[in-house]
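Below is one structure, written out as structure tokens; comments come after it.
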Amino acid sequence: MHAFHFGCRRLILSALLLWAGRLAADVPDTYLYRITYRPAATRLTVQLVLPERFYLHFFLGDEKGRAALSDPVIRPRNGRSWQPVLSGASMNLRPAEAGDTLVYTYDIQTALDSDARYRDGVYYLPLEQILWRPAQTDSTEDILLDVRVPANIGVSLPGTPLDGHRYRLKRMPYDWPALMVLGAVCKNTFRVASTRFHICVPVTLSPQKTDSLLHWLTYNAKSVAAIYGALPDPDVQIVLQPRTAREPVPFAFVLRGGGPLVLFYIDPAYPMQAFMADWTAVHEMTHLLMPYIHRRAAWLSEGMATYYQYILMARDGRLDEQTAWQKIYDGFQKGIRNARQRPLAYLADNMNRLRAFRAVYWSGAALMLRADVAWRRADPASRGLDDFLAALRPLTRRQQRVYGPEDVTLRAPVSLSDLYAQYAGSDSFPVTEQWLARLGVLVRNGRVILNDEAPLAGLRRAIMKTRP
């Protein structure tokens, strides 16, 4: 599942372009937030020295965080402190100057009544509700976090760790959801291709279980990176949150604010064989290969991740080809039953309200299969969707806004938007058993049998093979 951005607030253009003037040369060039945590008070104190050039309007990414924030003050370099004007999640800094310090506190106990969570000595805090920040930053500006906590407290944040307590957030819209983890956690790091994965694990897990989970994550990250040999971002945060469940990974999602982060809810009581057989990790990590796409286009983002989840498990040896196609076919049937003969566009636009997740996800996966086959047929040297995702890498790395299908499908040999349009108003599922038979995927009483004499059997086998 992918956590999505629901649109930035409408901002007055003149406010966005209104800068405070340049002052002394000793003022820092970055937005450097110093966040201090005092466990006894369960509060964060946030300080920001305003840089040489800054927007006069700051915002919270989510207005719900306003209740947990005490009234901020501006401490000038010279003169008396004063309170900026607040309006909902907006703050007017006029007449602050470069070098002045914005100071406020975030009450964690109050935040627990909203979106913050506490479990087994660990706080999971929505970072977009903590940082007052400009609505946008340009290519010359950085947002740095300097987090000071007691020695026995662990911290995990998105972005790039710079040293023991500083982080650089990726330049992204201020209101994209993000996560700060604070408490009894330890951190581990592994590298796949050129990407560093920073893993946040509660100290309640045994060293043996932690090592096993790191193996599970590394294995899945390598499977996803093998699509084209790399991942878009240099740093990815992964947070593991234990809980009791009926399966090893009951839920997971990706957040993009400040940099990519994947949160996995896990039940560590399950053996490692159950984790390795689970598709959730490879599904969520596939999202990292695509830019942030609007929720109304879940048929594309979730369809892509759903399409690849069993293909990658076949490529890395966890599934044989017949089992992978059986699981894909079974998924198509789940999508058909969940759709209940309702048009795909209607289901996609109302997915949450209708609980039509399987219908949209698996209809999207069927569209991805059709696209993959079409591209490989058009160009025998093509690797279809693998090449498409590789072409998206620069766009994913530099993303500054939420994209729609039209922003990414133009890179495809066959337009995914046009393919979607063929089925958007129809209650017909994009893939039929007759169409699958041309690939050599025969269905007899719900059971998949592979036919290597079919016209497109070679292409079917190629889809399940990793890049040489």
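Quick note: the coordinates plus some simple rules give every number you see, no bench work behind them. Predicted model only: the values in this text are computed from it and were never measured. Here Cβ is always computed from backbone atoms with ideal geometry, including for glycine, and neighbour counts include all displayed protein chains.
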Hey, what do the phi angles of segment 178-187 turn into as Karplus ³J(HN,Hα) couplings, whole Hz, using 6.51/-1.76/1.60 and θ = phi - 60°, x for Gly and Pro?
9, 9, 10, 10, 9, x, 7, 10, 10, 10
Just rank K170, K222, K465, fewest to most, by other beta-carbon atoms within 10 angstrom.
K465, K222, K170
Efficiency by 1/(1 + (r/R0)^6): what FRET value for R337 and R447, r their Cβ-Cβ distance, R0 = 22 Å, to the nearest 0.05?
0.80
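With a sphere of radius 11 Å drawn around the Cβ of D427, what net charge do the other residues whose Cβ falls strictly inside it have (Lys, Arg +1; Asp, Glu -1)?
Numbers: positive: R340, R342; negative: none.
Neighbour charge sum, excluding D427 itself: +2.
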Relative exposure of S426, S114, S363, judged by other C-beta atoms within 10 Å (fewest first):
S426, S114, S363
Going Cα to Cα from K170, which lysines come in below 29 Å? Please leave out same-chain ones fewer than 8 positions away.
K64, K187, K222
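Antiparallel DSSP bridges in the chain: what percent, to the nearest 5? Write down the numbers at each step before the final one.
Numbers: 61 of 80 bridges.
In the chain, DSSP labels about 75 percent of beta bridges as antiparallel.
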Simple spin-label estimate for K222 and R397 in nanometres, 7 Å along Cα-Cβ:
2.4
Exposure proxy check: F264, F429 ranked by fewest other beta carbons within 10 Å?
F429, F264
Please turn the phi angles of segment 109-119 into ³J(HN,Hα) values with the Karplus equation 6.51 cos²θ - 1.76 cosθ + 1.60 (θ = phi - 60°), one per residue in order, whole Hz, x for glycine and proline.
4, 5, 5, 5, 7, 10, 9, 6, 9, 9, 8
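For Cα pairs less than 8 Å apart in space and 6+ apart in sequence, what is the mean separation divided by the residue count of the chain, i.e. the relative contact order in percent? Walk me through the numbers before you get to the answer.
Details: 958 pairs, mean separation 56.2, N = 468.
So the answer I get is 12 percent.
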Given the C-alpha centroids of segment 54-94 and segment 350-429, what is the distance between them in whole angstrom?
42
Long-range amide H contacts for V441: which residues qualify at under 5 Å (H placed 1.01 Å from N, peptide plane, sequence gap of 5 or more or a different chain)?
N451
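By how many nm would the segment from V73 to V203 lengthen if fully extended, with 0.36 nm per residue of separation less the alpha-carbon distance? Let's see the in-between values first.
Values: separation 130, 0.36 × 130 = 46.80 nm, distance 3.68 nm.
43.1 nm is the gain from fully extending V73 to V203.
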